[in-house]
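Reviewing the structure listed below.
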Amino acid sequence: MKTPYPHPLIAREGWPFLGISLLVSLAAAFFVGWWSLPLWLAALFILQFFRDPPREVPDDPQAVVSPADGRVVSVGRAQDPYLKREALKVSVFMNVFNVHSNRAPVDGTVKERWYFPGRFLNAALDKASLENERNALWLRTADGRDVTCVQVAGLLARRILCYVEAGAGLARGQRFGFIRFGSRVDVYLPLDAEVKAAIGEKVYAAQTILARLPRHG
């Protein structure tokens, strides 16, 4: 299933950074020639960081897809601090070479959104989930299952972007936000979810299945 993709292959969040870096590189090349090479390398890094390719979303309606590209760093039972419940937690760490667009893990309605300013610890650490700057979405599926998706800023990240508020509807794999320069995303699932992801696994936003929710009724 292909979801609508209303933006180009370079994320709109990166347009100002890329434009400035290209202008500076061109000016430097004009005045100092090949000494401008480090600036061109910086522009190339910015280009790869803000790439945002379309993804093929699995057709399985019970699938919970990864909200981010990266590597799974945590899988297991944990306390969901937002819905005050025991849950299954899957965490995906994004380094600076991963795509940083964030996608909805399930079809659902945003019941609530919370933003918390915080620290900028290494996002690979477990304590980053509760101490770093973060933005949490409470999603409820059509059959009443609750999923919490949390954008967590990292050591280098200084800007969490989220484009939805309470009441918005999201389709599985739909783009809802972006985190600049290294971060993680935590997903809290009902205890009866069947986790498919494993620690160390490389995953892709909207494409890799992290877990499956059981059918109700």
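A few notes on this one:
- For the range 32-84, the candidate set comprises residues that are in a strand (DSSP E or B) and without any contact (Cβ under 8 Å) to a residue 24 or more places away in the chain; within that set, the residue that is most open to solvent (accessible area, probe 1.4 Å) is Gln79.
- Restricting Val92, Val99, Val72 to residues that are within 30 Å of Arg140 (Cβ to Cβ) and at pLDDT below 90 narrows the list to Val99.
- All conditions in (1) open to solvent by less than 60 Å² (accessible area, probe 1.4 Å); (2) at pLDDT 95 or above hold for Tyr204, with the sole exception of (1).
- Residue list for the range 179-194, restricted to those being farther than 20 Å from Trp138 by Cβ and in contact (Cβ under 8 Å) with a residue 60 or more places away in the chain: Arg180, Phe181, Gly182
- Restricting the range 191-201 to residues that are charged (D, E, K, R) and farther than 13 Å from Arg71 by Cα leaves a set whose member that is surrounded by the most Cβ atoms within 10 Å (Cβ to Cβ) is Lys196.
Listed here are the residues, each with its yes/no results for (1) under 13 Å from Leu88 (Cβ atoms); (2) touching a helix residue (DSSP H, G or I) at 6+ places or on another chain (Cβ under 9 Å); (3) not aromatic (Phe, Trp, Tyr).
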| site | (1), (2), (3) |
| --- | --- |
| Leu139 | no, no, yes |
| Val164 | no, no, yes |
| Tyr188 | yes, no, no |
| Leu213 | yes, no, yes |
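Table: residues versus (1) β-branched (Val, Ile, Thr); (2) under 25 Å from Asp186 (Cα atoms).
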residue	(1), (2)
Gly19	no, no
Ala28	no, no
Val57	yes, yes
Ala63	no, yes
Ser66	no, yes
Val75	yes, yes
Tyr82	no, yes
Leu88	no, yes
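- Residues of the range 85-101 satisfying the condition of being assigned to a loop (DSSP other than H, G, I, E, B) and of a type in the set (A, V, I, L, M, F, W, C): Val96, Phe97, Val99
The values are calculated or read from the model by the stated rules, or taken from the named source; none is laboratory data. Keep in mind that this is a model prediction, so the values were computed, not measured. Heads up, the Cβs are rebuilt from the backbone with ideal geometry, glycines too, and the neighbour counts pull from every protein chain shown. SASA here: full protein model, heavy atoms, side chains in, ligands and nucleic acids out. Shrake-Rupley method; radii C 1.70, N 1.55, O 1.52, S 1.80 Å.
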